[in-house]
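J.: Structure incoming, see below.
The values are calculated or read from the model by the stated rules, or taken from the named source; none is laboratory data. Just so you know, these numbers come straight off a predicted model, no measurement behind them. When we count neighbours, we look across all protein chains shown, and the Cβ atoms used for this are built from the backbone with ideal geometry, even at glycine. To get the accessible areas, we keep the full protein, side chains included, count just its heavy atoms, and leave off ligands, DNA and RNA. Shrake-Rupley method; radii C 1.70, N 1.55, O 1.52, S 1.80 Å.
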Amino acid sequence: MKINQISLFAENKPGHISAPARLLAQEGIDIRALFLADSQHFGIVRMIVSDWQKAAAVFEAHGFVVKVTEVLAVEVPDHPGGLADVLGALDGSGINIEYMYAFPYPRGDQAILIFRFADPDAAIAQLQTAGINLLASDELLK
Amino acid sequence: MKMNAILETSAADCHPASVRDYTPLPELRALQLQRVQAVVARAWDHVELFRSRMDERGLVPEDIHSLDDIAKLPFTVKSDLRDTYPFGLFASPMKDVVRLHVSSGTTGKPIVVAYTSDDVSVWTSVIVRCLAGCGLHRGDILQNAYGYGLFTGGLGAHYGAEALGATVVPTSGGNADRQIMLLKDFGVTAICCTPTYFLHLIDRAAELGVDLKQLPLRAGVFGAEPWTESMRRHIENKSSIEAFDIYGLSEIIGPGVACECRRHQGLHIFEDHFYPEIIDPDTGEALPEGTEGELVLTTLSKHAMPMIRYRTRDITMLLPDRCQCGRTLRRMGRIGRRSDDMLIIRGVNVFPSQVESALLQIEGTLPNYQIVLTREQGLDQMEVRVEVTPHMFNDQIGALQGLQARIQSALDHVLGIRVQVALVEAYSLERSQGKAKRVIDRRTS
Ligand SMILES: [Zn+2]
């Protein structure tokens, strides 16, 4: 259920996002999701890619500071209140969301939410109990 | 002087060249006097600038009767080398010069230094003594990551290491991944480079999953830029090597003017070839042992380019007492700063080494930094750029902002002025010959 996400440190300057994207394209690695978290002066590029091990090696070889973190991908149920169901499953559970972002599902209209939890195992148990569908990395990368 | 000094290496089991490190003082002083008289006569005969300065003072070489008389001689400063570019300070005809090195200047013309074949031999012998003093010997595999070429570091260390009998791996600077591969595959036991570059290797090795502590590497001989005790602790903790400070400058000979022994209590100056003085940088007056001031060096054996009372701009002191290692050679304190390093920011004196110390206080940070000075509406602004390393990186914005705030508060505390902190990408700060460019001053006065 856990998905390996690649994070890079980037200064907030023009071109600092396109360089990593270009590198992956050269290596034939697909970017499934890309999200930029930024502050005033610097940013963190978070990516889910088709081959995270190769991507991490490529980035390191090019002098990037790379971190691999485990995230969960949650399919937002395709019915009214779907998102509320997901968040409701976590409410009051004491499970901390460190951050989240969304991207559109490749085969359909609904979104996929990527969550970074302080304790991913507890989160998996909690979400599964609530009947929330977690995507495995092969499903996500299909 | 108590006689309980322990000889860590008896003169018999170190390299023969090291025997000179234990010359009895009366013999050493007599040798220095004889050599200084010869070098002054040589410079007076062959170097016009030196002779004219002697004339202005009404001095002739015969006026040097004792080592104290050296204080009467005129100083030589870096701009003299630029002003006489390229060959104006040479005391040997080109047919006797076997090597030229060039050091790049930040402004204007570079400086050129020359060596006769005897000069190269002296240079080689002092490096042998440096490395032997660091406990290295035949059988050691030494990776020399100082830049080869116009810079004196690479070739200087190379000749000395070969003469010592070590196996030299001449990697020169750059290509960290290959450096680490060779360290590992060859079972390298010692490395020479700038401390900044070694920090980079520590960092890169961790990224590559190579544990430097598990390698045979046991000694690092680091120089060509000032570095601090806290940086030594950091290096030694991360790599389990013994880190030695080596000192030198191209104008005098290159690396090998002075080096630490295994006591790590100051750097022994190879006084049979280099005569040290400490002066007040403002008045030029000689200062006593144990007092901090500017280091002034006179080369005692250089032929091609003798330097008389060269003002190094490096701030240090001559240490009183003899070293526990038994060497008779005097020691100088580690160079923490250069007199021209001092920055005055909003009236406050700031040294780059203070920034380094502040950064090393914060867990996980490496002192890969650069100071950028600007002036806005008449006020000096100081920004400290710090490279984000894998140890520092966390993929949450809040954690990085917290790190930024901790660096900020450590710097405010150490420097006593408000500075801006910017986190920048790894390897993005400018480096040259492995030396980090620490200060960019964009203030226009
Ligand atoms: Zn000693």
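J.: Using only DSSP helix segments of four residues or longer, with each worth -39500 (n - 2.57), what per-residue ellipticity at 222 nm results for chain B after dividing by its residue count and rounding to 500?
T.: -9000 deg cm²/dmol
J.: Hey, got the average number of other protein chain Cβ atoms within 10 angstrom for residues in A:35-41? Each step should come with its number before you reach the end.
T.: Values: counts 0, 0, 5, 1, 6, 1, 8.
Taking the mean over all residues of the peptide, I get 3.
J.: Using the Cβ atoms and a cut-off under 13 Å, what net charge is assigned to the surroundings of B:Q377, where Lys and Arg are +1 and Asp and Glu are -1?
T.: Details: positive: B:R346, B:R375, B:R443; negative: B:E376, B:D380.
Cβ neighbours under 13 Å give a net charge of +1.
J.: Next question. Taking the DSSP beta bridges in the protein assembly as shown as the whole, what percent of them are antiparallel, to the nearest 5?
T.: 75
J.: Could you order the peptides B:84-96, B:193-205 from most to least packed, using the average number of other C-beta atoms within 10 Å per residue? The partial results should precede the final answer.
T.: On the way: B:84-96: 15.8, B:193-205: 23.2.
Ranked by mean Cβ neighbours within 10 Å, highest first: B:193-205, B:84-96.
J.: Based on Cβ point charges of +1 for Lys and Arg and -1 for Asp and Glu, what charge dipole magnitude is obtained for the range A:2-69 about its Cα centre, in debye rounded to the nearest 20?
T.: Dipole of the range A:2-69, to the nearest 20 debye: 120 debye.
J.: Additional query: Can you tell me the order of A:63-72, A:87-96, B:44-53, B:246-255 when each peptide is scored by its average per-residue count of other Cβ atoms within 10 angstrom, highest first?
T.: Result, highest mean Cβ count within 10 Å first: B:246-255, A:63-72, B:44-53, A:87-96.
J.: May I ask for the Kirkwood hydrodynamic radius of chain B, worked out over all distinct Cα pairs and given in angstroms to one decimal?
T.: 23.0
J.: Right, next: Describe numerically, in nm with one decimal, the distance between label points set 7 Å from Cα along Cα→Cβ at B:H137 and at A:T129.
T.: Rounded to a tenth, the inter-label distance reads 6.8 nm.
J.: How much of the DSSP beta bridge set in the range B:1-338 is antiparallel, as a percent to the nearest 5?
T.: 65
J.: Which length gain, in nm to one decimal place, applies between B:H413 and B:Y148 when the Cα-Cα distance is subtracted from 0.36 nm times their residue separation?
T.: That pair, B:H413 and B:Y148, stretches by 91.4 nm at full extension.
J.: Additional query: Longer than 32 Å from Cα to Cα, which of A:K13/B:K437; A:K2/B:K435; B:K184/B:K437; A:K67/B:K238; A:K13/A:K67; A:K2/B:K184 are they? Say none if no pair is.
T.: Correct reply: A:K2/B:K435; A:K2/B:K184.
J.: Suppose only helical runs count, i.e. DSSP H with n ≥ 4. What mean residue ellipticity at 222 nm does that imply for chain A under -39500 (n - 2.57) per run, divided by all residues and rounded to the nearest 500 deg cm²/dmol? Show your work: numbers first, answer last.
T.: Details: 5 runs with 43 residues, N = 142.
After summing the helix terms and dividing by the residues of chain A, the value is -8500 deg cm²/dmol.
J.: May I pose another question? With each label point set 7 Å from Cα along the Cα-Cβ vector, what nm distance links B:L31 and B:R443?
T.: In this crude spin-label approximation the distance works out to 4.7 nm.
J.: Computed over the Cα atoms, what is the radius of gyration of the protein assembly as shown divided by 2.2 N^0.38 Å, N being its residue count?
T.: The value comes to 1.18.
J.: With springs only between Cα atoms under 10 Å apart, run a GNM on chain B and tell me which of B:E289, B:E207, B:E62 wobbles the most.
T.: Checking each option, the largest mean-square fluctuation is seen for B:E62.
J.: For the range B:343-441, take the alpha-carbon Rg, divide it by the Kirkwood Rh, and send me Rg/Rh.
T.: The Rg/Rh ratio comes out at 0.95.
J.: On to the next question. If you take each beta carbon of peptide A:6-18 and count the beta carbons of other chains within 10 angstrom, what is the mean?
T.: 3
J.: In the range A:70-141, what is the volume of the convex hull around the alpha carbon atoms, normalised per residue and reported in Å³?
T.: That works out to 84 Å³ per residue.
J.: DSSP beta bridges in the range B:343-441, what fraction antiparallel, as a percent rounded to 5?
T.: 60
J.: Can you return the lysines within cross-link range of B:K302? Criterion is Cα-Cα under 25 Å, with same-chain partners fewer than 8 residues away left out.
T.: Partners within reach: B:K72, B:K78, B:K95, B:K109.
J.: Please express the shape of the range A:2-69 as an equivalent ellipsoid: the semi-axes are the square roots of 5 times the eigenvalues of the C-alpha gyration tensor, given largest first in whole angstrom.
T.: Listed largest to smallest, the semi-axes of the range A:2-69 are 18, 13, 11 Å.
J.: For the range A:1-23, list residues with backbone N below 17 Å from a point placed 7 Å from the Cα of A:Q40 toward its Cβ?
T.: A:11-13
J.: Another one. Place a point 7 Å from the Cα of B:A422 along the Cα-to-Cβ direction; which residues of the range B:196-240 have their backbone N under 20 Å from it?
T.: It comes to no residues whatsoever.
J.: Between B:S79 and B:S66, what is 0.36 nm times their sequence separation minus the Cα-Cα distance? Round to one decimal in nm.
T.: Contour length minus the Cα-Cα distance gives 1.8 nm.
J.: Using 7 Å Cα-to-Cβ label points, what is the B:M181/A:E27 separation (nm, one decimal)?
T.: Simple spin-label model gives 1.7 nm for this pair.
J.: What is the diffusion coefficient of the range B:65-121 in µm²/s, taking the Kirkwood radius over Cα pairs and the Stokes-Einstein relation at 10 °C with a viscosity of 1.306 mPa s?
T.: 121
J.: Given springs between every Cα pair under 10 Å in a Gaussian network model of chain B, which of B:Q401, B:Q377, B:Q37 has the largest fluctuation?
T.: B:Q377
J.: Oh, and also: For the pair B:T167 and B:R346, what calculated FRET efficiency results from E = 1/(1 + (r/R0)^6), where r is the Cβ-Cβ distance and R0 = 45 Å, to the nearest 0.05? Display every interim value, and only then the final one.
T.: Working: r = 52 Å, r/R0 = 1.16.
Once rounded, the FRET efficiency stands at 0.30.
J.: Here is a follow-up. Under the rule a/c < 1.5 gives rounded, and otherwise a/b versus b/c splits prolate from oblate, where does chain A land using the Cα gyration tensor?
T.: Prolate shape, in that a/c is at least 1.5 and a/b is the bigger ratio.
J.: Further question on the same structure: Name the residues of the range B:318-343 whose amide N is less than 17 Å from a point 7 angstrom out from the Cα of B:D282 along the C-beta direction?
T.: Answer for this model: B:339-343.
J.: Sticking with this structure for a sec: Dipole of the protein assembly as shown (Lys/Arg Cβ +1, Asp/Glu Cβ -1, origin at the Cα centre): which of B:I371, B:S250, B:F274 lies farthest to the positive side?
T.: The Cα lying farthest towards the positive end belongs to B:F274.
J.: B:Q396 to B:T328: FRET efficiency via 1/(1 + (r/R0)^6), r the Cβ-Cβ distance, R0 51 Å, to the nearest 0.05?
T.: 0.30
J.: So if we plug the beta-carbon distance of B:E236 and A:F103 into 1/(1 + (r/R0)^6) with R0 = 30 Å, what FRET efficiency do we get, rounded to 0.05?
T.: Between B:E236 and A:F103 the formula returns 0.05.
J.: Give, as a single signed number, the net charge of other residues whose beta carbon lies under 10 Å from the beta carbon of B:I70, with Lys and Arg counted +1 and Asp and Glu -1.
T.: Local charge sum for B:I70: -1.
J.: With a cut-off of 8 Å between alpha carbons and a minimum separation of six or more residues, what is the relative contact order of the range B:358-412 in percent?
T.: Here the relative contact order equals 38 percent.
J.: Over the range B:40-97, what is the relative contact order in percent, taking alpha-carbon pairs closer than 8 angstrom and at least six residues apart?
T.: 42
J.: Now for a separate question. Could you order B:D118, B:D321 so the one with the most accessible surface comes first? Probe is 1.4 Å.
T.: Correct descending sequence by accessible area is B:D321, B:D118.
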